[in-house]
Amino acid sequence: MPRRTSNADRDVAEGFVPPRLTNHAPLQSQDTFWSKFYILSMCALFATSFVIWLETEVTKSISLTDSIYTVVGGSVSILALDTILAIIISIVWFLLLKLCVRPALYILVISIPFVLLSLTMYPLIMSYRDSWGGNTTQDRAMRWTSLVPALMGVFWIWFAVRSRSALGRAIGIVQLACKILGENPSLIVLSMGTLVSFIAFTWAWFGMFARVFLKGKVVVGTSGISTWILDQNSWALGAWYILMYLWSWGVFSGVQRVATSETVSQWYFHRHVQGQPSSMAVVSASLSQAGTTFSGTICFASFLALIIRLPILLLPRRVMAIVQTFFFNLIPGPLFAITNPLTLSYAAMTVQSLVPSSRGISNLRFIDLGTHSSYQNSWTAYRLSKLLLSSARALTALALGFGAWVHAAQDVNGGSLYGYIVGMMGGAIGWVVLGATEGNLSMIVDSAFVAFAIDQVGNHGGHCREADMQFGGFE
């Protein structure tokens, strides 16, 4: 297992180079409380599911009602089809990036607005074609939601025009990520292993989540129509299940990120050293580190991103300032930095816990996580490369989500008012599965950017000429 020497409270010193992975005794685990807390929460989730399974049963009267349980159960085929389609798209997208990355990205830049326009028209038109004539709350919600792809298309055009000068460097960054992936093929195995594991967890979670909504009773109205009435605590349990699902996705993704960051760090700083271990040996050692030394840091980072970052992005500015002040007093570290994925990559490379890493990465001149970056050119190229990679992932998630929503709202059990639940599940499948390709390359881009920023401390650099050119704009 790899061993590194570090001081958890220091910033990266001038000339610091992450040491090579060697097979020595393991390091002391970081942020151990949070890994124990996550394991305890998962045990509570499975125990609750087991109790619910013992207390509930599917009766004939339940199967005839429109409920979340029946719509999820009736949508298994469309969700399975979404999984297969997402896997196929993921493989095709990976092959395109590997064989012809530059033409593929240029075609993607041009085609995205047209695809988003079609994703706007499809749910807008289909919302008028259900058995209720387009007059339900769900139909109106579908019409309003169809505006989201249109707004994304407008933003894409604006950002592409504004960042057109950095497009060449952004594509160069993606090419660098593809080069790193080609020289470390075991990262593909890691990505596929993460994908298969989380798909298995997702389908198990689907079954547990649907069962939560069997807690209730059937009420027959005066017109003879059966209505399913949920227990009051079912919605709270459902929200908790969703929270645990998102946290688990963060943990799975965090394990992959830490292993990828350590692998990229070894490639960036030590690829020319004699006696290099094989790609599989490096990835195996990095994965072992992620599952032991950094398990608590991964759980902590994903928990904070879920609890702090998402609400802050959605809250109004004044409310956000109040929340930020509260957490600033609670957590000793820059709030945005501590929830930024780059911080976890930095923690993996420097072997620090999360809070010291958030302070350290904020002091790197090329990674300014404050409100005003000192190196906008580097940030623009980096952000555009990330946007290029995530675009196919977002398009797939939107397409599968809207398709599953329309199918459940119009075809499952004669049309269900809970079709939006299936739509969110379909979108989640598309987002997670495409993460096997886009997420892998995106994490490589993040790791290379952090390694470049560390390499530039004291104006040294020079470990990777391609990174100096693409991230820094150096000749």
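The values are calculated or read from the model by the stated rules, or taken from the named source; none is laboratory data. Note that the coordinates shown come from a computational prediction; the quantities given were computed from them, not determined experimentally. Note: ideal-geometry Cβ built from the backbone for every residue, glycine included; neighbour counts use all protein chains shown. All accessible areas refer to the heavy atoms of the entire protein, side chains included, with ligands and DNA or RNA removed. Shrake-Rupley method; radii C 1.70, N 1.55, O 1.52, S 1.80 Å.
Checking the condition on the phi < 0 side of the Ramachandran plot, out of contact with any Phe, Trp or Tyr (no Cβ under 9 Å at 6 or more places or on another chain) and modelled with pLDDT under 85, which residue from Asn377, Asn413 passes? It would help to see each step written out before you state the result.
Numbers: Asn413 fails: on the phi < 0 side of the Ramachandran plot.
From the options Asn377, Asn413, the qualifying one is Asn377.
Output the residues belonging to the stretch 263-292 that are under 22 Å from the mean Cα position of the chain (by Cα) and more than 23 Å from Gln28 (Cβ to Cβ).
To start, the set of residues in the stretch 263-292 that are under 22 Å from the mean Cα position of the chain (by Cα) comprises 263-265, 283, 286-292.
Result: Val264, single match.
Residue check: Thr396 meets all listed conditions (1) more than 17 Å from Leu116 (Cβ to Cβ); (2) touching a residue at least 40 places away in the same chain (Cβ under 8 Å) but one, namely (1). Here Trp405 meets the list (1) open to solvent by 30 Å² or more (accessible area, probe 1.4 Å); (2) at pLDDT 85 or above; (3) among the aromatic types (Phe, Trp, Tyr) almost entirely, failing just condition (1).
I'm trying to understand the selection: among the residues of the stretch 413-424, which are open to solvent by 10 Å² or more (accessible area, probe 1.4 Å), closer than 8 Å to Val71 by Cβ and assigned to a helix (DSSP H, G or I)? Passing the criteria: Asn413, Ile421. Summed over the stretch 254-279, the residues that are part of a helix (DSSP H, G or I) and farther than 30 Å from Leu304 by Cα give a count of 3.
Condition check ((1) open to solvent by less than 10 Å² (accessible area, probe 1.4 Å); (2) modelled with pLDDT under 75; (3) in a helix (DSSP H, G or I); (4) in contact with an Asp or Glu (Cβ under 9 Å, 6 or more places away or on another chain)) across all residues:
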position: Ile322; (1), (2), (3), (4): no, yes, yes, no
position: Phe326; (1), (2), (3), (4): no, yes, yes, no
position: Asn329; (1), (2), (3), (4): no, yes, yes, no
position: Phe336; (1), (2), (3), (4): no, yes, yes, no
position: Ser345; (1), (2), (3), (4): yes, no, yes, yes
position: Ala348; (1), (2), (3), (4): yes, no, yes, yes
position: Val355; (1), (2), (3), (4): no, no, yes, yes
position: Ser358; (1), (2), (3), (4): yes, no, yes, no
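Checked against the criterion of being surrounded by fewer than 17 Cβ atoms within 10 Å (Cβ to Cβ), part of a loop (DSSP other than H, G, I, E, B) and either modelled with pLDDT of 90 or more or in contact with a helix residue (DSSP H, G or I) (Cβ under 6 Å, 6 or more places away or on another chain) (or both), the candidates Glu14, Glu57 yield just one match: Glu14.
Close contacts from the stretch 195-208, counting a first residue that is within 13 Å of Leu246 (Cα to Cα) and a second that is surrounded by 14 or more Cβ atoms within 10 Å (Cβ to Cβ) and hydroxyl-bearing (Ser, Thr, Tyr), with Cβ to Cβ under 6 Å and a gap of 6+ residues or different chains, come to Trp205/Tyr245.
Of all the residues in the stretch 268-283, those that are buried (at least 20 other Cβ atoms within 10 Å of the Cβ) and within 28 Å of Trp431 (Cα to Cα) number 2.
Taking the stretch 284-303 as the range and being assigned to a helix (DSSP H, G or I), at pLDDT below 90 and open to solvent by less than 10 Å² (accessible area, probe 1.4 Å) as the test, the residues that pass are Ser286, Gln289, Ala290.
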